[in-house]
Amino acid sequence: MTLAVCVRCGESKVGAFTPCARCGLDPAAHGTDRDLQAKSLLLTERFHPGGELEAIGRKIRAGEPVSYDAAQLAQLVEELKTQKLPIVSKASPGCSIIGWALMGGAVALVVGLLWLWRFRGG
């Protein structure tokens, strides 16, 4: 995970799309707000190495406006719009219903084949 700063309150956090512990802003919950998500991505150590990120967080906490690179912002918004899979999934980890159904079908097939093999000769 990468270090990030909340776009609303300037609190430091881990990951651009994790909810803010201070103000509760959750960029992942705003699934269609690509601008907010792109800004959240821009406020990470990936784009602001060293002390830059901490300085931006202080600026936001002080209520000062933050300027975003328009070209980077537009590029990230486009990338987020064209993602084949969601960049952030709200689904819980583990198998889905389809996964469990496939697993059950495979087990039933193996049991059936073993049953046929066992009783084939008799």
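The values are calculated or read from the model by the stated rules, or taken from the named source; none is laboratory data. These figures come from a predicted structure and were not determined experimentally. Because the Cβ atoms are built from the backbone with ideal geometry, glycine has one as well, and the counts that use them run over all protein chains shown.
Looking only at region 1-38, filter to residues that are part of a helix (DSSP H, G or I) and at pLDDT below 90; which one of those is surrounded by the most Cβ atoms within 10 Å (Cβ to Cβ)?
Among them, the one singled out is Ala28.
For residues in region 76-122 being surrounded by 10 or more Cβ atoms within 10 Å (Cβ to Cβ) and assigned to a loop (DSSP other than H, G, I, E, B), which is modelled with the highest pLDDT?
Gln83
Across region 16-34, what is the total count of residues that are aliphatic (A, V, I, L, M) and in contact with a Phe, Trp or Tyr (Cβ under 7 Å, 6 or more places away or on another chain)?
1
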